[in-house]
1. From the set of residues in the range 186-212 that are in a loop (DSSP other than H, G, I, E, B) and under 19 Å from the mean Cα position of the chain (by Cα), which is farthest from Glu137 (Cα to Cα)?
2. Here are some conditions: (1) modelled with pLDDT under 85; (2) more than 14 Å from the chain's Cα centre (by Cα). Ala215 meets all but one. Which one does it not meet?
3. Being over 30 Å from Val172 (Cα atoms) and in contact with a Lys or Arg (Cβ under 6 Å, 6 or more places away or on another chain) narrows it down to one residue among Leu64, Leu19, Leu116, Leu112; which is it?
4. Show the residue pairs meeting these rules: Cβ distance below 7 Å; 6+ apart or different chains; first residue within the range 170-181 and farther than 18 Å from Glu103 by Cβ; second residue at pLDDT 70 or above and surrounded by fewer than 19 Cβ atoms within 10 Å (Cβ to Cβ).
5. How many of the residues in the range 192-204 are modelled with pLDDT under 90, surrounded by 14 or more Cβ atoms within 10 Å (Cβ to Cβ) and touching a strand residue (DSSP E or B) at 6+ places or on another chain (Cβ under 8 Å)?
6. Residues that are over 27 Å from the mean Cα position of the chain (by Cα) and among the charged types (D, E, K, R): does the range 25-44 have at least one?
Amino acid sequence: MPEKLESFRDFLAEHGGKLTNVRKVVLQAILGLHEHFTADELFDRVKARGDKVSRASIYRSLDLLVASNLLRKVDLGENRSYYEQHFDTHHHLVCVNCGRVTEVAPEPLESLQEELFKRYRFSTEGLPQKVLGWCRECASAQAEEEGTGKIAFKSKTLAEIKKGIRARVRQVTGGMQAVKRLQALGIMPGKEITKLSEMPFHGPVVVSVEQTRMALGFGLAKKVIVEMVDEDPAGR
């Protein structure tokens, strides 16, 4: 049994619990992830593996894993929590336009911490987990739109646009794993995509790409940044 499974079993035993098959399935799915993720994204991953685990069980297992110090829960905005296995010191750059999250080493902010002390004799107590701003792609696109006189507009995710809307994929976020999954489905920058329907409570999002109909998990749909083809960007 891998070290983390053994550690989780010991933690549960100490607190009167057991390493049930559901908890084991959830932890095994997490061990295959190397980036931050949400509960919805984990649910999609477990479902894709063919395991039948309820969304409520996902949340309960995540709470236990955080309590056992095998996971860290972080607030990166969007009114939802992210989880990660990395306990080394690092920070998150969060794009306010597309929602992309980039992990960065601590050195840049540590340099700022030192500069604040040198200049103002101000001793900081910790550094922020997230830094808000614009990612390279969104900043570049914004500059191009403003430079050509076009009306700049905020991109939306595939999960956010209304059904029946035809859009063009502008960017895919979430790391190489998500990019490869979406590319295998024919979803990549420049492709036109139509949102056909969606299920309530963050259920699957049904789309059409080049006349091929498919269902995407809500978490995966959140990683696809699009610009509207059928609507005026200014909303007129």
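1. Phe201
2. The single condition Ala215 does not satisfy is (1).
3. Leu19
4. If the second residue must be at pLDDT 70 or above and surrounded by fewer than 19 Cβ atoms within 10 Å (Cβ to Cβ), the pairs left are Arg170/Pro189; Arg170/Glu227.
5. Counting residues in the range 192-204 that are modelled with pLDDT under 90, surrounded by 14 or more Cβ atoms within 10 Å (Cβ to Cβ) and touching a strand residue (DSSP E or B) at 6+ places or on another chain (Cβ under 8 Å) gives 2.
6. Checking the range 25-44: not a single residue is over 27 Å from the mean Cα position of the chain (by Cα) and among the charged types (D, E, K, R).
The values are calculated or read from the model by the stated rules, or taken from the named source; none is laboratory data. Quick caveat: nothing in here was measured; it's all calculated off a predicted structure. All Cβ positions, even for glycine, are placed from backbone atoms using ideal geometry, and neighbour counts span all protein chains on display.
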